[in-house]
Structures are given as C-alpha cells and as structure tokens.
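S.K.: Let me give you the structure first, and then I'll get to my questions.
The values are calculated or read from the model by the stated rules, or taken from the named source; none is laboratory data. All values reported here derive from a predicted model rather than from experimental measurement. Note that we place each Cβ from the backbone using ideal geometry, even for glycine, and neighbour counts take in every protein chain shown. The accessibility values were calculated without ligands, DNA or RNA, using every heavy atom of the protein model including side chains. Shrake-Rupley method; radii C 1.70, N 1.55, O 1.52, S 1.80 Å.
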Amino acid sequence: TTVHMPFSFVLLITASICSVTVAALSCTSTPNTGFPNDRFLVRLYNVSSVGDCCDRCSSYQECFKYNYISDSTASDYKSCYIWGINANVTTSSSSSVSGSVGRVSGATQCAGVQYDVDYTNSYLTTLRMAFTSDVCCDACANYPGCNAWTWQSQYRVCHLRAAASANTTRSIGNVIGTVSTHTQPAPLRTGKRGVGWYKSLACSDLQLLKGISWLYSWHVAPDATLVSCMSQLGIEYVPMQWGTRDINTLAQNVFTNTQHILGFNEPNFASQANMSPALAASMWPTVAAVASEHGLR
C-alpha cells in the first residue's frame, strides 16, 4: 500500500469576496484491484499517474475512492475513475490501481464519522440540498437540539437527530457522525449571496446555505409560507417581473418591503420569458417606474 500526499491550495475570487480552501488529503492505493465501473461519478481521461488520480479525487468534494487504469494495453488506459462512498467491494484487476482518500468532515465540530452505516433511531428533520457530508454536519451544528446526523450520498439529503443511536445498521452510501460542539461563527452576509426558492423547499433547507441574505421565487410577491420563513431567518425577498405576464398589475401587486427588484427571467429562451429585445425594451419603463415609485434598485 502506497500513501500519496496531494497539494493544498486556496482559490480566491476577489470579485465575490469569498475564498475556498481545499486541504491536503492522504490517499492510499492498492495495485491490481479495482471497482465495478458502472457506478462511478466521473471518468477523467489522460491522467498521468496514480498520484495524479489521487490529486484529482481530492479536488472533488464527493470523491472518497478512485480507480486508475495503469495497463497500457487496456482500452481505457490512463483513465481515472472518481467514486463516491458507494464503491465498497474491490475486485481483482491486473490493469488497475484502486485507492481511497482520507476525507473526513472539514468541520472541527464533527466527530465519530463512519461510512456505509446508519443510525436506527428517529430523526428530528430532513434537509435537502446537502451536497456533502460536511454540509450535513455543519447543518446539525447549527440546528437546535441536533447532536447526530446521517448524510445519504445517493439522494443528497441530511437527517438530523437528537442523539446517536446505541446501534447502527449497514446502509451502503451513508455517512454518519456526531457533533461535539455547537459553537459556530456567525455566517458572513455581504448582500451578494442569494437563492432561488422552489415550492418544494422547506424553510429548514435554507439553514444549509451559509450567509444567504436574499431570495426570490420568480414572482412579484412571496406566498404566506415564504413570508414566515423570511421573518424567521431575516432574509430579504426580491420580487421579479418574470416576463410580460401580469406586468400591467405590477404596481398593485409588487412586494414593497424590500430594496431591490429583478427584471425579466432569461428573455432569450423560448421556454422562459421568451421576449425579443424590442419587446423587453418596450416593457422595461413599466418596471423602472414601479422601482422608482417604491425606491427599489
């Protein structure tokens, strides 16, 4: 077994005033083994070495395991297969090298992380849009009464629990863990980070999104559920004049307890607002007038 230490780097995007840090991860590799190739997440071509494949896996947040084709006679030579935690059984393969990444939750408050198992007790709530186990752990750390969590990689959902059960059960693709502290810095709100609200979302889903300061729902006013959610989380609702529909009643119906307004939604797409430049230009003065009347930007 060989251990590789890939690089660490910091990506700074000054225009958005944000930073993303990827920590160096250790990778183990075992020659002459592989995984079934029908369940991988991503296939990368022309990867120079198994160490490079390890580095590539480290750069994918959802990569826990990888498989590198080292046999020059194989049809997929120099391919790097990126796997989630669903790669559980290695097979004998003289043409490949398989390995895993020492990825654990990046949040310091997470402990007791285990893979391919689940707790047996009931959970407090379920949050969607949990794209990594780190996100699930962070959500638990910020959710009142949550001390244990389960992340289901297949569905990208996060179950929050009051406590870890005494026993666990085998559940392929799951990650579980506990929270050792609920001390969290307040999320930075710059006014730049917002989200589109789908009707299928719950207010608790927004707890997964750090620093959200505004949202929109493709309508000129929020429904009652959304008003309640905004009140709880202190989030600004931004109305949108979607297209030509109801533009003549915009002044009467627009949500005014806000500072901003959005214009036409993807007017160049037939499946969206579907407006020609001339039509959009002719309609824009109506939106501008409403914005001026209510002090919206």
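S.K.: Please enumerate the residues belonging to segment 132-143 that are touching a helix residue (DSSP H, G or I) at 6+ places or on another chain (Cβ under 9 Å) and in a loop (DSSP other than H, G, I, E, B).
M.R.: Residues of segment 132-143 touching a helix residue (DSSP H, G or I) at 6+ places or on another chain (Cβ under 9 Å): 135-136, 138-139, 142-143.
Once the filter is applied, which keeps residues that are touching a helix residue (DSSP H, G or I) at 6+ places or on another chain (Cβ under 9 Å) and in a loop (DSSP other than H, G, I, E, B), segment 132-143 yields only TYR143.
S.K.: Also: Quick check on my filter: what residues within segment 223-253 are open to solvent by less than 60 Å² (accessible area, probe 1.4 Å) and modelled with pLDDT under 85?
M.R.: Scanning segment 223-253 gives LEU226, SER228, CYS229, MET230, LEU233, GLY234, ILE235.
S.K.: Let me ask something additional. If SER204 meets every condition in (1) modelled with pLDDT under 80; (2) of a type outside the set (Phe, Trp, Tyr); (3) open to solvent by 60 Å² or more (accessible area, probe 1.4 Å) apart from one, which number is that one?
M.R.: (3)
S.K.: Oh, and also: Within segment 161-184, is there a residue that is open to solvent by less than 70 Å² (accessible area, probe 1.4 Å) and at pLDDT below 80? It would help to see each step written out before you state the result.
M.R.: So the first thing to find is which residues in segment 161-184 are open to solvent by less than 70 Å² (accessible area, probe 1.4 Å), and the list is 161-165, 168-169, 171, 173-179, 181, 184.
Cutting the leftovers down to at pLDDT below 80 gives us 181, 184.
Checking segment 161-184: at least one residue is open to solvent by less than 70 Å² (accessible area, probe 1.4 Å) and at pLDDT below 80.
S.K.: Here is a list: LEU250, LEU296, LEU279. Which entry is of a type in the set (A, V, I, L, M), more than 28 Å from the chain's Cα centre (by Cα) and in a loop (DSSP other than H, G, I, E, B)? Break it down stepwise before answering.
M.R.: Working: LEU250 fails: in a loop (DSSP other than H, G, I, E, B); LEU279 fails: in a loop (DSSP other than H, G, I, E, B).
Criteria check complete, one pass: LEU296.
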